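Structure record follows, encoded as structure tokens.
Just so you know, all these numbers are worked out from the coordinates, no wet-lab data involved. In this text the structure is predicted, and so the values were computed from the model without any measurement. When we count neighbours, we look across all protein chains shown, and the Cβ atoms used for this are built from the backbone with ideal geometry, even at glycine.
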Amino acid sequence: MLNIIKLAVGCPSIEVLRERLNHDRVNGHATVQTRTMPKRAEEVLDGGSLYRVMDGMVLCRQPIIGLESCQRADGSTGTLIVVSDDIIPVQPRPMRPFQGWRYLEPKDAPPDLGNSLIQDGIADLPPQLRRELTELALI
């Protein structure tokens, strides 16, 4: 299994991501467009997730259910990462900006937030507050 990590540019929260994914759909599935097809696609499709960086923090993941070639608006070929509608909050982790996407080994991926943390409302905190609490090692 292998994960992918990608910035959610212009998306400050999980709620905004959820709304965006309602519009970015192909054949009824939520998709994320990127330029290149992963060379390690078989590993990604073997239970991998798409981890999302929002406002400088890794905040959630979505199970990857497919990878499809597509034609981009400029006529070049691209890739659609087909993801589950399930958005799973993870323990927030700071992440510097980068272009495109990167592989994320399971051992390096932040763990899912436990149900108690979700019920306590940690997942609903504003991203800046989550970042500060994470930097102080309070969550």
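General remarks:
- Available extension along the chain between Met1 and Leu129 is 42.9 nm, counting 0.36 nm per residue and deducting the alpha carbon span.
- Residues in region 1-43 reached by a label modelled at Asp86 [backbone nitrogen below 15 Å; 7 Å Cα→Cβ]: 30
- Choice from Ser69, Ser84, Ser49 with maximal GNM fluctuation in the chain (Cα, 10 Å cutoff): Ser69
- For the chain, the percent of C-alpha pairs falling in each 5 Å distance bin, counted from 0 to the bin holding the largest distance, reads 2, 10, 20, 23, 21, 13, 7, 3, 1, 0.
- Dividing the summed -39500 (n - 2.57) terms of all DSSP H runs of n ≥ 4 by the residue count of the chain sets its mean residue ellipticity at 222 nm at -5000 deg cm²/dmol.
- Acute angle (nearest 10 degrees) that the helix 14-23 long axis makes with the longest principal axis of the chain, alpha-carbon atoms: 20 degrees
- By average C-beta atoms within 10 angstrom, highest first, the peptides 100-108, 7-15, 56-64: 56-64, 7-15, 100-108
- Three-way shape label, region 12-59, alpha-carbon gyration tensor, a/c 1.5: oblate
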